[in-house]
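Structure, as structure tokens:
Computed from the coordinates by the stated procedures, all read-outs in this text should not be read as laboratory data. As the structure is a computational prediction, the values presented were derived from the model and not from experiment. Cβ sites come from the backbone with ideal geometry, for glycine too, and all protein chains shown count toward neighbours.
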Amino acid sequence: MNVIDYIKKNKDQTFAEFPFNEIDNLIFSLLTYIDFTDVVPAFKNGKITLKEAAQKLSDKKKNYRGIFISNTFKMLQIMKDTKRYQDTLLYNYMKVVNSDMQFGAMTMKLPDKSIYISFAGTDSSIIGWEEDFKMTYLYPGASQKYASVYLNKAISLLDKNVRVGGHSKGGNLSICAVMNAHFWIRKKVKRISNFDGPGFLKREIESKSYKKIEHKIKMIVPKESIIGMLLYNTPDYTVIKSKGLNILQHDAFNWQCNGKELIRDTQSKRSKALQQKLTKKLEELSLEKRINLVKNLFNIFKSNNIKDTKEIKIKEIFKLIKEFKKLDKETQNLLTELLIIIFVK
């Protein structure tokens, strides 16, 4: 059973009858992958029910490309006809894509009066992936700065029982947002959910800001996690069962659930090895080398006018691999493996 099966099974149960749980948390974290521009109100422009928002998107007959995004749209359309989700209020929608960042966020008020703030993960845009790679040397990045600004603005004095979460990069942004939020905002946040999101540089993980909120972080990764193993994250994470190979394990619609939680599993040796190798290798590279590596990677995309990962063909991967010849053999092999895992489906 995946999240869509879960929604269908519990469609007639209210949150009073069947309280908010881990699977609901994942579901709300995924909604910001949908483009709600001109549908969900921006700041101070009111609220719209999930049912109304879904109907507006359906009427527009939006063409959602890619299995993951189309499944998210399908999930929303099923949610709109359920007693459990249809009256959820959506508001404070933001989507920003420019030369520096790809950022998305939305605030939701559930029927049980709790607040859920979801940060969008990386979409298929090259700028989104470049921003992820920049995390190997830059903190805070553009989206990470924006996340705390958004959170400070989104939570009101009357809001109680606030949860913050996100999938992939959205999980990283959720942590950043709370880390750097006002003191009274941090106190209101009950839980921070990081669903297979990348980590931080070592100094951030060891910072006082992180230590203050670490007890609120719940990190969940699939058995063959790749994205969640990048950089430093909380060592106390939960491993769950996911279908699919390689990067498809990262697709939350492949995650398996039962009852009110995701099915537990054990992390694969490959996933653990990738974490250890990559972290060690990044520590050995100087700041200058990290910056140049990321620039070289994405300059090839830009010079070929590639703006979306869906446009990446095998020949572009080999062009990137040639750039690695400036580095030592072990680093070449590591980055080659990572590129193929992420971009070659």
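With the cut-off at 35 Å, report for the chain the share of all Cα pairs above it, as a whole percent. Roughly 19 percent, once rounded to a whole number.
With a Förster radius of 56 Å applied to the beta-carbon distance between Ile300 and Glu261, the computed FRET efficiency rounds to 0.85. Got a sec? Which residues in region 84-120 would a label at Ala42 touch, if it sits 7 Å along Cα→Cβ and we count backbone N under 17 Å? Within reach of a label on Ala42: 91-99, 101-107.
For region 22-51, the residues whose backbone nitrogen is under 20 Å from a point 7 Å from the Cα of Ser125, taken along Cα to Cβ, are 30-43. Of the residues Leu297, Ser174, Ser148, the one whose Cα sits farthest toward the positive end of the charge dipole of the chain, with +1 on the Cβ of Lys and Arg and -1 on the Cβ of Asp and Glu, is Ser148. Ranking Tyr91, Gln256, Thr309 by how far each Cα lies toward the positive end of the dipole of the chain (charges on Cβ) leaves Tyr91 at the top. Magnitude of the charge dipole for region 253-304, about its Cα centre and with charges confined to Cβ atoms of Lys, Arg (+1) and Asp, Glu (-1), is about 120 debye. Subtracting the Cα-Cα distance of Arg203 and Ser114 from their residue separation scaled by 0.36 nm leaves 28.7 nm. Toward the positive end of the charge dipole of region 3-271, about the Cα centre and with charges on Cβ (Lys, Arg +1; Asp, Glu -1), which of Thr266, Gly121, Ile7 goes farthest? Positive-end residue among those listed: Ile7. Modelled spin-label separation between Lys329 and Leu248, with each label point placed 7 Å from Cα along the Cα-to-Cβ direction: 3.4 nm. Remark: the chain carries a charge dipole of roughly 180 debye about the Cα centre, counting +1 on each Lys and Arg Cβ and -1 on each Asp and Glu Cβ.
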